[in-house]
Amino acid sequence: MDVLSDVIAVMRTGAPRSARVEWQAPWGQRFRTVPGAAGFQIVLRGFCWLIPEDGDPVPLSAGDVVFLPHGGSHGLADAPSTPLAEHTCDPQDDSRFERRYAASPAGRRGGSPTTVTVCGAYQLDAARVHPLLSDLPPVLHLPARLGRHPRLRAAVELLGAELEEPRPGTDALVPALLDTLLVYILRAWFTEQPVRSGTAGWAAALADPAISTALEAIHREPAYSWTVADLGARAGLSRAAFSRRFTALVGRPPLAYLTWWRLTTAMRLLRGTDAPLHAVARQVGYASEFAFANAFKREFGVAPGRYRRDGRSGTPSGRRLDRGQPERIG
């Protein structure tokens, strides 16, 4: 798999939740912070304003997509001056999100809908959130413009059509379209980010041919016994030059990132498959189950067998690996 596909696959958990909402002016709605989720808003019809927690209101029109990678609080309204109602459309608690489509109108009753939106959230595993997502700003606004991101626009139109007129198969199509939408949102954002000399972060890493080549190699073959020299050769750089550039852009040294990715991949395998521990260890590059178990516990604070059992019983376990934590190579 490529890096972006891998990142999404390892972070996502459960099914995305969404609801189509018809708003009748005057209307204003606050959406609370959703821990462990990435939120989104799509304007299917009409016009409205995004009211961020910080900063000025942003005008939105039909086809605009707003992505909140950290699930932050925000508001939508027909005008910046309209008061925001509290928590009447919530992907965590609102039953409309269970069906993923068909919501009754919100706002003033009896009028014609002035704006139609899709709001929702992607559930993320807090223990496996990739630093690529952590690098993103609180709000990503992808405006609809002629000829801009045509695949994203097509996904929005297909999603809107399914939500407006549910037909046999809609329950299968909507989650698939939401997953597709997430890929296009992230692809569009990273594609259009200007990368200047000296810029660090994942946008710069993915845009750098040498570092992106090394990342692709790590993600394609995480079990391979990579050395810094091997990865530098793939990148077309000397060992020292590659290590410096990789560390500056990605935020951790090459082998530290390799170890973290191996163990993060193992977390997904432990929760998502019945493969025995020795098989999981081999798939992520450990010669023995013992070495794998030690590395996993050192990194995440819990033994791999316990992590799997807790996942089946619904008990939280482990700790999230933040970028600021000390790196360990196992």
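Each value in this text was obtained by applying a stated rule to the coordinates, not by laboratory testing. Quick caveat: nothing in here was measured; it's all calculated off a predicted structure. Cβ sites come from the backbone with ideal geometry, for glycine too, and all protein chains shown count toward neighbours.
Descriptive notes on the structure:
- Scaled radius of gyration (Cα, divided by 2.2 N^0.38 Å) that the stretch 1-89 gives: 1.19
- Ordering of 51-62, 19-30 by burial proxy (mean other Cβ atoms within 10 Å per residue, highest first): 19-30, 51-62
- Stretchable slack from L133 to E164, in nm (0.36 nm times residue separation minus alpha-carbon distance): 8.1 nm
- Net charge dipole size for the stretch 163-297 [Lys, Arg +1 and Asp, Glu -1 on Cβ; Debye, nearest 20]: 660
- The slack in the chain from A233 to A85, taken as 0.36 nm per residue of separation less the alpha-carbon distance, amounts to 47.6 nm.
- Sites A176 and A126, calculated FRET efficiency, Cβ-Cβ separation with R0 25 Å, nearest 0.05: 0.55
- Interchain or long-range residues, amide H under 5 Å from A85's placed H: G28, Q29, R30
- R239 sits among other residues whose Cβ lies under 13 Å from its own Cβ, and their net charge, with Lys and Arg +1 and Asp and Glu -1, is +2.
- Rounded to the nearest 0.05, the FRET efficiency derived from the C-beta distance between R145 and F47 at R0 = 25 Å is 0.95.
- Counted by Cβ distance under 13 Å from P150, the other residues give a net charge of +4, where Lys and Arg count +1 and Asp and Glu count -1.
- Note on the stretch 1-41: Kirkwood radius taken over Cα pairs, Stokes-Einstein applied at 10 °C and 1.306 mPa s, translational D equal to 119 µm² s⁻¹.
- Summed residue charge, Cβ within 15 Å of P57's Cβ, Lys/Arg positive, Asp/Glu negative: -4
- Size descriptors for the stretch 134-227, from the alpha-carbon set: Rg then Dmax equal 17.4, 54 Å.
- Backbone geometry of the stretch 235-243 corresponds, through the Karplus equation with coefficients 6.51, -1.76 and 1.60 at θ = phi - 60°, to 3J(HN,Hα) couplings of 7, x, 10, 5, 4, 5, 5, 5, 4 Hz, x marking Gly and Pro.
- Inter-label distance for S288 and S5, nm, one decimal - labels placed 7 Å from Cα along Cα-to-Cβ: 3.6
- The listed peptides 117-124, 305-312, 41-48, ordered by packing as a protection proxy, come out as 117-124, 41-48, 305-312 (highest mean of other Cβ atoms within 10 Å first).
- Amide H within-cut-off set for L44, under 5 Å, with H built and near neighbours excluded: G63, V116, T117, V118
- The gain in end-to-end length when the A223 to A207 segment is fully stretched comes to 3.3 nm, 0.36 nm per residue minus the alpha carbon separation.
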